[in-house]
Structure formats: structure tokens, C-alpha cells
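S.K.: Could you have a look at this structure, given as C-alpha cells, before my questions?
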Amino acid sequence: MSAIGAIGELLSQFDVIAANPKAQLEKYVAGGKKAIGCFPYYVPEELVKAADMVPFGIWGAEGTINAAKEYFAPFYCTIAQMGLELALNGKLNKLSGVILPSMCDTLRPLTQNFRAAIPQLPFIFLAHPQNRRAPYGVEYTKSQYANVKKSLEAIAGKAITDGDLKDSIRVYNESRAARRKFVKLAGQHPEAVSPMHRSAVLKSAYFMDKADHTALLTQLNAQLETLPKSDWKGSRILLSGILADSRNLLQILADNNMVVVADDVAQQSRAFRLDVPEADDPMTALALQFAGQDYDVLLYDPELNKRPEYIVNLARENGAEGVVILMMQFCDPEEMEYPSLKQALDKADIPSVSIGFDQQMRDFGQARTQLQAFADVLSAKR
Amino acid sequence: MSENPEKKEAKVLLREIVDRVYQSAWDAKNRGEPVGWSSSKFPAEIAEALGLAVCYPENQAAAISAKHGGQRMCEYAESLGFANDICGYARISLAYAAGAECEEKPMPQPDFLLCCNNICNCMTKWYENIARMRGVPLIMIDVPYNNTTEVSEETVAYLKGQFQDAIRQLEKISGRKWDEKRFEEVCQNSNRTAKAWLKACSYCQYSPSPLSGFDLFNHMADVVTARSKPETAAAFELLAQEYEQAVKNGTSTLPYEEKYRIMFEGIPCWPELRALFKPLKAKGINTTAVVYAPAFGFVYNNLDEMMRAYCKAPNSVCIETGVDWREGICRENNVDGVLVHYNRSCKPWSGYMPEMERRFRKDLGVPVVGFDGDQADPRNFSEAQYATRVEGLFELMEANKLEANRGGK
């Protein structure tokens, strides 16, 4: 089979998985595995795998909010509302538990609403420290991860040994490395990997055992590496935001000949840019990984300007001609950091556009117009 | 009373205390000393012990809003790129830090920032933005959200570590050495203020109440800006004495007859105080419970307890604690109903309210009605909707009272 043919086949496997989380969940449960729902952000999934269970990403879903209206006024991020909606509609019934972090002002009440609304599902609360680097911050992370570990052990009915956790960390570091490599290759081969495919490959990792995902992705990466250098004539963009999995929005990028060469997306690169470091104690290693996390609107930046600078550099290093910011509606952290990001991009002479969206969005006309105009700006600048 | 030779009323003293906080900040600025901006529930004891002048952006934003400058300032922040659904206080404060003109409540620009996110996470990014705009250091005390009614040892240890770092940073900024004795004195003052505040608030339990609950919203400025000062404690003690006397005399600061008693849930819509008050007055409704009473009652006996006290802010406690506080004051103060402000500026606060509403109805057996509003941006408030909702609450309370009276006969 030609490389293009093999790539197409592999990509369609990722597409199917990314579009059918329900089937994946049912498959794991039917196979005797327990699955744990992992809400945004920075859940130490390694602990779930170490307990021989499958972490399952819950980042809302495209749809309509009905039942969750009993818990939230309309002015809340749809990821949180749709996560609750899924649970209220019984879509999470096959999970054996959920881990809910509390890093933003919508996740705080979501943890409480979820616990109140879905009492039958084992609920694991997670608080991350913002002063995460100082020794007391690392100790705090360790203590919270230890709570998560204990709860997972109760659900799994087995203790997580250091050996289990070290193995899991290795699998995750391999997965992160493969995903980082794929992000580079997808940016280099736009003819082979559309923005929709790119999203499906990255999103499917949330619904698969990471070792299985890495195995498939390693094949894909190997095939992509055999492709000749692309002479792509379209625009090279950097995507920024919480989510970038809307097929409608991604199709508009494709329609305007845009290739995603790098991203600052919470569900994508922000989740896998940093490996767990080597340490004798694997729980310390996990806490040190969180201590090292940075450049994220969800995280306190003691040095104040690192995120805008990071994105400017990321764009430059990857040859991005412009930045498309997918602004999740009602997301305070993204909105609060937008002016600084815009200012830094303007100063660096990198064009940017902010596209408002949420998971209930049906009409993409305005986004289409904005992105068409943006593509024109980029080609005029070339 | 030696602290009050002119026998001024407590409300006059309380107003003067807040004025002095801001005047002291201007004086410090003029002397070339550093001035800080602090979030309202940052451990105020630290800066006070080091003799640093501090201003309070939340208090400033509330004052600007009450004087109808909120919309102008919010729009200024929006012109800088801040979305219009970001907290109105944050938008006002960011506008001011960016140099927007503001005659309603000017205060000196900051030389350092004190941020504690026990109130909300928005605070973290709000202060980071100010630090960037002004190029000043930010001292951050992070209070992770708590899912249980108890504060864990691990959280206390984490907070203590940050507390010690904050002291070291502020020693540098102030150029003064930390004095443990002075700190203890300041803590004693803060405790005295907190206790006096709680005592004053407790007079809402009398029927009729000797005070209009809306008075507490005004006096909150002192608990926010000056809780570590002895004169604040003395003024609240005087306020409590005045209420005590009013109970004996059968008088009240409420300018109409109290027929019904409610809890007003949430921060008031500062730009619309008159509109908020109007239908309450028309129906003889007094606010006898506000969650700010327990929310600012930081009482502690040692450093560990102090850390735990600062974990107890309305948006950092779990739903059980939040419900417990509110139902406690509703019961103590005999409310007939609850009016819930769905505050567009406060996602963490409003995010619990539908579930809390259900619990209030079930546990207290009182009607609960919500309305849409905003603590600072008048564009998010509709006077007509508010009046209709208050009318609805009144009718439900009236029906309950009729039924109770019938049952009584």
C-alpha cells in the first residue's frame, strides 16, 4: 500500500474513535475494564492507568443543554454544562467514577453540582495548587494526588504499586512524545492530514488506552515521515484556545487552505507538552510534572508575561503566519488573558483573529466570514 | 469613650475609617512609600503588621458602581479587549489601572499587589494583568477550592508556606523587619473587629430588626478595608451598642414598617441600590440575612486557625458549608423568604445557586425567588424583572403567612 493509502486508513481509524466515544466506552466495559471520567484540566491520568483502569476524557460534547439548566444559569462555559448534561442523561453511566478538577470559576461550582446531581457515581475531587513550584506547592500536589490514588484504588479494588505507576508514567511519556511528534508532522504534511484529521488523532487519545493509541500513532507518524516535503501554498496557522475539535470550524480552516502547524489548545498540546520527569518516587514525579506546567491561562504565572511570549515564539519557531484564537464563550481565564496575548502578537507583527464559539453553536456563518477575511490578510502579507 | 470623644454615631465613624484608609494611602504615596492594592480576603494582617498602606480594588469598584461610573469603566476595559462577561469589578479595576479617569473613587496606583484567590480564580488573572500593566510585584496566596467541610492539614501547611513567603516579599517591599509581637497585636485587633462585626450582624435576629440589612452592605467596606485596625473594632462595638439600644427603644434604621424578612443572597447591584430598595420598601420587606455576615467573620486563636479562617470565603467552601452558613442565618434571623441575585459578574457564586435554591426550599420551607443582575455593570440588570420577582416573592410569603395564621387559629 502507498504511504498515502496507509495514512488514509490509519486516519480513518482515529476518526471513527474520536467520533464514537460511546462505542469505545462500551467496548472497554464489555472487555471487563473499568473506566474513569477525567474532566479538564491536568488530571494525572497515569494513576488511573496504574490502577488498571481506562481514563476517559470528558470535555463536554456538541449538543444542546437541557437538563443541566437545572444547575447552571446560561452564562457558563458549555464544556462544564455539557459534561453535566451527559451525566444527567445517563451517558456516563458506564463509568466507574469521575475525577473533577477545580481550576476555574466554572469548575468550582461544577464539582459541587456534579456531586449533588449524580450521587450514584463515585466522585473524586481534585484541587491543584497555583503556587505549584515551591516545595510546599509540590507537597500539596502530592497530597491531592495521594487522595486521588486512594479513591482510585478503592474503585479498582487493588493497590497501585510504585512499579505500576512507573510503568504507567512510561506509557504516558511515550504517548506525549508521539503526540508531539504527530503535531509537527501534521503541520509539515497538510495534503495528508486535514485540520479535522489532526483533531481526531489528538482527541481519540482521550477515549483510548494510551498504549493502544501510541501504537497506532507510531504507525501513522512513521508513514508521515516517509512523505516527500510538502509544497503547500496555503496558510500556516497556530491554533489557540480550550478546545479545537469542532468539525464545522475545522472544515472552515480547511476550506480556506489553512494548516495547523502548532497549537496552544488546552485539549491538545497544553495537555502533552510536558513529560513526567525521572524521580525515584513516582508520586513525586507526577507532582513535579505539574510544578513544571506553564504558559496556560488556567495557571498562575509568577513571571507574569510568559504565556504571550511563549505563543509568539511557538508561532515563530513553527513558521505560523497567523494565530487563530478559538475563544470559548464565557471562559474567564481565556478572556482575561486575551488582551495580553493580542498585544504580544501585534507587537511581533503576527496577525490574529478571535473566533467566539461554544459547544451549542449551530450557525458558523460569522466564523466563516471572519476566517475567510483572515485567510486574505495572511495571503496579502505573504 | 476615649476613641470617640465627640460621641459620633457608629455609621459616621465607620465612614471616616474607610476615608482614612484611602487618605493614608495617598499620604504614603506622597511620602514616597509603597502603596499596595489588595483583594478583599487577602490576609490583611500581614501588610498591617508591616505598616504598609493598602487600597482595595473591590471596594473601589463597588464605590464607583454605586456612583454610577461602573458602565463607563467597564466599557473602557472592553475597549482594551476584555470581554464584557468578565467580572465587572475586574473590568473597572483593570480600566483604572490602565489609566481611565475616575472621579468617583480615585486611589493611588499600586507599587505592589496582594492577591488571594479564596474569592475566585478570576482574581488571579485580574491581578496578573494589573501587575503587567503597572510593572509591579505581585504577592499571591493561593487558596485551593475545598470540597469538604473541614480544611485539611495539607492545605494548612500549603497556606503557611505561602504566608511565610508573602512575609519575606513584603519585608523587602516595606524595608521593615517582621515583628511577631506587632503581628499578634494586629491579629487581636482583627479578631476583635470580626467578633464585633458578627455581634452587630446578629441584631438582625430581633423582630422587628433594629437595622435595615442593606446597612450591612455599606458597613462591609470597613471589614474589607480596615479589619485589622483597633478603631474599626471600636466602631463596630459601638454599632452593636446602638442596635442594642434600638431594640430596647423599639426603633430601627429601616425607614418603614417591617412586615416580611428575607435573606438577600449575593452581592448587591451597586449601581441600582435605589431600584433594589424600592419594591422592598413598597411591600414592607426587610433584609435580615446577608451571607457577608459569616463570610467576613474571620475569628481565630492561632496561626493554624488563621489559615483555616482564610479558607472560608463564600466561593471557596463546599456546597454543604455554603448552605449551612446561609440556612444558619436564615433560621437565626427568621426569614420568610430568600431573594437570590444571579450575578453575571460572579460565576463561582451564581454557579451554586440553583442547587442551593432547592435546598433552601426543602430545608427552610420558605419561598425562594431569583433575579438577574450584576454587582457593577448596570447593563445586566432589569428593574422591571426585579420588581416582578420581588412581587412574586411577596405573594408567596403573604400566602405562607395567611396559611400559618389560619393554622394558628
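The values are calculated or read from the model by the stated rules, or taken from the named source; none is laboratory data. Just so it is clear, the model here is predicted, and its values are computed rather than measured. Reconstructed Cβ throughout: ideal geometry from the backbone, glycine too, with neighbour counts over all protein chains shown. These accessible areas exclude ligands, DNA and RNA; they are computed on the full protein's heavy atoms, side chains included. Shrake-Rupley method; radii C 1.70, N 1.55, O 1.52, S 1.80 Å.
S.K.: So for the range B:324-335 (the condition being touching a Phe, Trp or Tyr at 6+ places or on another chain (Cβ under 6 Å), closer than 21 Å to B:CYS269 by Cβ and touching a residue at least 12 places away in the same chain (Cβ under 8 Å)), does at least one residue qualify?
M.R.: As a first pass, look at the range B:324-335 and keep what is touching a Phe, Trp or Tyr at 6+ places or on another chain (Cβ under 6 Å): none.
No, that holds for no residue.
S.K.: Residue pairs, Cβ under 7 Å, 6 or more apart or interchain, first in the range B:178-200 and open to solvent by less than 70 Å² (accessible area, probe 1.4 Å), second of a type in the set (Asp, Glu). List them.
M.R.: The qualifying pairs are B:TRP178/B:GLU171; B:PHE183/B:GLU45; B:VAL186/B:GLU45; B:VAL186/B:GLU48; B:CYS187/B:GLU45; B:SER190/B:GLU45; B:ALA196/B:GLU237.
S.K.: Can you tell me which residue among A:ALA116, A:ALA134, A:ALA156 is away from every other protein chain (no Cβ under 11 Å) and at pLDDT 95 or above?
M.R.: Working: A:ALA116 fails: away from every other protein chain (no Cβ under 11 Å); A:ALA134 fails: away from every other protein chain (no Cβ under 11 Å).
That would be A:ALA156, the only listed residue that is away from every other protein chain (no Cβ under 11 Å) and at pLDDT 95 or above.
S.K.: Given the options A:LYS69, A:LYS91, A:LYS27, name the one that is more than 14 Å from chain B (Cβ to nearest Cβ), touching a helix residue (DSSP H, G or I) at 6+ places or on another chain (Cβ under 9 Å), open to solvent by 10 Å² or more (accessible area, probe 1.4 Å) and not aliphatic (A, V, I, L, M).
M.R.: On the way: A:LYS69 fails: more than 14 Å from chain B (Cβ to nearest Cβ); A:LYS27 fails: touching a helix residue (DSSP H, G or I) at 6+ places or on another chain (Cβ under 9 Å).
Exactly one residue qualifies, and that residue is A:LYS91.
S.K.: Find all pairs meeting these conditions: Cβ atoms under 7 angstrom apart; at least six residues apart or on different chains; first residue within the range B:121-134 and without any contact (Cβ under 8 Å) to a residue 40 or more places away in the chain; second residue open to solvent by 10 Å² or more (accessible area, probe 1.4 Å) and in a helix (DSSP H, G or I).
M.R.: B:LYS125/A:PRO333; B:ASN129/A:SER340; B:ARG132/A:SER340
S.K.: Kindly provide the set of residues from the range B:315-334 that are open to solvent by less than 20 Å² (accessible area, probe 1.4 Å) and either assigned to a loop (DSSP other than H, G, I, E, B) or within 11 Å of chain A (Cβ to nearest Cβ) (or both), ordered by number. Spell out how you get there, then give the answer.
M.R.: The initial filter retains those residues of the range B:315-334 that are open to solvent by less than 20 Å² (accessible area, probe 1.4 Å), namely B:315-319, B:321-323, B:326-327, B:329-330, B:333.
Answer for the range B:315-334, where residues must be open to solvent by less than 20 Å² (accessible area, probe 1.4 Å) and either assigned to a loop (DSSP other than H, G, I, E, B) or within 11 Å of chain A (Cβ to nearest Cβ) (or both): B:ASN315, B:SER316, B:VAL317, B:CYS318, B:ILE319, B:THR321, B:GLY322, B:VAL323, B:ASN333.
S.K.: Would you call B:LYS347 more than 12 Å from every other protein chain (Cβ to nearest Cβ) and of a type in the set (Lys, Arg)? Before you say what the answer is, go through the steps one by one.
M.R.: Details: more than 12 Å from every other protein chain (Cβ to nearest Cβ): no; of a type in the set (Lys, Arg): yes.
No: the conditions fail for B:LYS347.
S.K.: Restricting to the range B:350-371, what's the tally of residues that are more than 10 Å from chain A (Cβ to nearest Cβ), part of a loop (DSSP other than H, G, I, E, B) and on the phi < 0 side of the Ramachandran plot?
M.R.: Of the residues in the range B:350-371, 2 are more than 10 Å from chain A (Cβ to nearest Cβ), part of a loop (DSSP other than H, G, I, E, B) and on the phi < 0 side of the Ramachandran plot.
S.K.: If you scan the range A:288-303, which residues turn out to be within 14 Å of another protein chain (Cβ to nearest Cβ), touching an Asp or Glu at 6+ places or on another chain (Cβ under 8 Å) and crowded, with 20+ Cβ neighbours inside 10 Å?
M.R.: A:VAL297, A:TYR300, A:ASP301
S.K.: Looking only at the range B:261-297, which residues are open to solvent by less than 10 Å² (accessible area, probe 1.4 Å), farther than 17 Å from B:GLU391 by Cα and in a loop (DSSP other than H, G, I, E, B)?
M.R.: Hits for the range B:261-297 are B:GLY266, B:PRO268, B:CYS269, B:VAL291, B:PHE296.
S.K.: Now a separate question. Specify the residue that is surrounded by the most Cβ atoms within 10 Å (Cβ to Cβ); the eligible residues are those in the range B:147-175 that are facing chain A (nearest Cβ under 10 Å) and not in a helix (DSSP H, G or I).
M.R.: If we take residues in the range B:147-175 being facing chain A (nearest Cβ under 10 Å) and not in a helix (DSSP H, G or I), then B:ASN147 is surrounded by the most Cβ atoms within 10 Å (Cβ to Cβ).
S.K.: Output the number of residues of the range A:167-218 satisfying the condition of being in a helix (DSSP H, G or I) and either hydroxyl-bearing (Ser, Thr, Tyr) or within 24 Å of A:ALA61 (Cβ to Cβ) (or both). Lay out the reasoning, then the answer.
M.R.: First, the residues of the range A:167-218 that are in a helix (DSSP H, G or I): A:167-188, A:195-207, A:210-218.
Of the ones still in play, those that are also either hydroxyl-bearing (Ser, Thr, Tyr) or within 24 Å of A:ALA61 (Cβ to Cβ) (or both) are A:168, A:172, A:175, A:179, A:182-183, A:186, A:195-207, A:210, A:212-214, A:216-218.
Summing the residues that are in a helix (DSSP H, G or I) and either hydroxyl-bearing (Ser, Thr, Tyr) or within 24 Å of A:ALA61 (Cβ to Cβ) (or both) in the range A:167-218 gives 27.
S.K.: Counting only residues that are closer than 30 Å to B:ARG134 by Cα, give me the helices (runs of 4 or more DSSP H) lying completely in the range A:224-312 with at least 1 of them. Working first, answer last.
M.R.: On the way: elements: A:247-255, A:269-272, A:282-292.
Correct list: A:269-272, A:282-292.
S.K.: Kindly state which helices (runs of 4 or more DSSP H) lie completely within the range B:1-87 and contain at least 3 residues that are at pLDDT 95 or above and open to solvent by 20 Å² or more (accessible area, probe 1.4 Å). Give the derivation first.
M.R.: Numbers: elements: B:10-30, B:44-49, B:57-66, B:70-79.
Qualifying helices (runs of 4 or more DSSP H): B:10-30, B:57-66, B:70-79.
S.K.: On to the next question. Of all residues in the range B:204-214, which are surrounded by 24 or more Cβ atoms within 10 Å (Cβ to Cβ) and at pLDDT below 95?
M.R.: B:GLY213
S.K.: A follow-up question, please. Could you tell me how many of the residues in the range B:114-136 are part of a loop (DSSP other than H, G, I, E, B) and farther than 18 Å from B:SER40 by Cα?
M.R.: Step one: of the range B:114-136, the residues part of a loop (DSSP other than H, G, I, E, B) are B:117-121, B:135-136.
With farther than 18 Å from B:SER40 by Cα added as a condition, the list becomes B:135-136.
Qualifying residue count, the range B:114-136: 2.
S.K.: Further, regarding this structure: Can you tell me which residues in the range A:338-358 are within 11 Å of chain B (Cβ to nearest Cβ) and open to solvent by less than 20 Å² (accessible area, probe 1.4 Å)?
M.R.: Of everything in the range A:338-358, those that are within 11 Å of chain B (Cβ to nearest Cβ) and open to solvent by less than 20 Å² (accessible area, probe 1.4 Å) turn out to be A:PRO339, A:SER340, A:LEU341.
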